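Below is one structure, written out as structure tokens, with a few remarks after it.
The values are calculated or read from the model by the stated rules, or taken from the named source; none is laboratory data. The structure presented is a predicted model; accordingly, all values stated were derived computationally and were not measured. Cβ atoms come from the backbone with ideal geometry, glycine included; neighbour counts cover every protein chain shown. Areas reflect the complete protein model, heavy atoms only, side chains present, ligands, DNA and RNA absent. Shrake-Rupley method; radii C 1.70, N 1.55, O 1.52, S 1.80 Å.
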Amino acid sequence: MRRLLIAGNWKMHKTVEGALSLIRELKRLVSDVNHRDILVCPPFTALYAVRAELKGSNISLGAQNMFYEEEGAFTGEISPLMLRDVGCSYVILGHSERRHIFGETDELINKKVLSAVNHGLIPILCVGETLQEREDGKTKEVIERQVREGLKGLSETSEFVIAYEPVWAIGTGRTATPELAEEVHSFIRELLSEMFGAKKAESVRILYGGSVKPENAAGLLSQPNIDGSLVGGASLKADSFAKIVKFDAEG
Ligand code: PEP
């Protein structure tokens with residue numbers, strides 16, 4: 001059985017003080033959760049402080065992006081060594097905002113994914129179609145390209161997570177229906193099976209992201225191929241994120 005992973009992507013929100021007060025409240029609200037994995041991905045500037053606050057808790061730490069080199073003349077970038085140094089175990093890569101606002105390509109994202117794995121970080125590779133691509137009937141084609149290109153060079157022993165995040169559902173309040181999301185998730189699992197074999201495909205966690213809230217979490221997260229969620233807006237408030245973490249599959 002795959003353990004559910006509920007991950008919060010704080011994006012460009014929270015000062016150090018704001019991050020600490022959010023994490024203190026969250027720790028208290030989810031301290032009794034031991035059957036699901038919980039992850040927070042604060043902005044770079046808060047990672048070090050949040051790491052100290054998370055010590056001994058059931059919440060893991062991740063970053064929202066990284067560059068693939070270890071060090072060098074790459075002004076403004078953050079390396080996998082630096083993320084390990086501040087206690088990250090996960091890193092979100094290829095988020096649609098990175099692809100669409102900052103022009104990240106599948107090729108660049110793949111370099112980052114390989115580097116993350118080589119440095120002992122678990123990449124969360126984000127994939128997802130735009131509204132136009134969905135309306136043009138290209139969803140599977142786009143997802144297949146992003147998954148195959150993004151994971152190129154990994155093997156069945158590499159640890160990674162995929163997040164399916166339809167671009168039209170991110171931060172829009174528009175969520176994919178559980179059935180629509182499940183269809184893409186099971187397509188991704190079939191692809192993983194072709195690429196890495198059925199055993200590996202069964203073990204990979206595929207998260208759904210896109211306007212997940214306490215009210216819609218149970219429907220989405222009860223689908224057989226949805227193994228957790230990448231949560232943006234609703235992860236910025238401890239009570240709404242905790243409610244998602246603690247969603248009740250029975251409704
Ligand atoms: C995200 O940032 O990955 C995301 C899914 O955002 P939101 O939950 O706000 O749609």
Total charge of the residues flanking Glu104 in space, meaning their Cβ is under 11 Å from its Cβ, with Lys and Arg +1 and Asp and Glu -1, is +1
Solvent-accessible area, 1.4 Å probe, carbon plus sulfur percent, for the chain = 51
Scoring only Lys, Arg, Asp and Glu (+1, +1, -1, -1) among other residues with Cβ under 12 Å from the Cβ of Val33 yields +4
Determine ³J(HN,Hα), in whole Hz, for all residues of the range 97-112 in sequence, where each value follows from phi through the Karplus function 6.51 cos²θ - 1.76 cosθ + 1.60 and θ = phi - 60°; x replaces Gly and Pro.
-> 5, 5, 5, 8, 8, 10, x, 5, 9, 4, 5, 5, 4, 4, 4, 5
Per residue accessible area in Å² of the chain, where ligands, DNA and RNA are left out and the probe is 1.4 Å | 46
By per-residue mean of other Cβ atoms within 10 Å, what is the highest-first order of 116-126, 168-178?
-> 116-126, 168-178
For Thr139, net neighbour charge (Lys/Arg +1, Asp/Glu -1) across residues whose Cβ lies under 12 Å away = -3
For the range 178-185, in residue order, the Karplus 3J(HN,Hα) values (coefficients 6.51, -1.76, 1.60; θ = phi - 60°; whole Hz; Gly and Pro = x) are x, 5, 5, 5, 4, 4, 6, 4
Does the chain come out rounded, prolate or oblate by the C-alpha gyration tensor, with a ≥ b ≥ c the root eigenvalues, rounded set by a/c under 1.5 and, if not, prolate when a/b is larger than b/c and oblate if not?
-> rounded
Based on the mean of other Cβ atoms within 10 Å per residue, sort peptides 49-60, 217-228 so the most packed one is first.
-> 217-228, 49-60
Mind giving me the nanometre distance, one decimal, between the label points for Glu69 and Lys237, set 7 Å out from Cα along Cα→Cβ?
-> 4.3
Mean-position separation - Cα centroids, the range 65-118 and the range 161-228, in angstrom | 22
Among rounded, prolate and oblate, which fits the range 106-179 when a ≥ b ≥ c are the square roots of the eigenvalues of its C-alpha gyration tensor, a/c under 1.5 means rounded, and a/b larger than b/c means prolate?
-> prolate
Could you go through the range 81-95 in sequence order and give the Karplus-derived ³J(HN,Hα) for each residue, using 6.51 cos²θ - 1.76 cosθ + 1.60 with θ = phi - 60°, rounded to whole Hz, and x for Gly and Pro?
-> 5, 5, 5, 4, 4, 9, x, 6, 10, 10, 8, 6, 10, x, 4
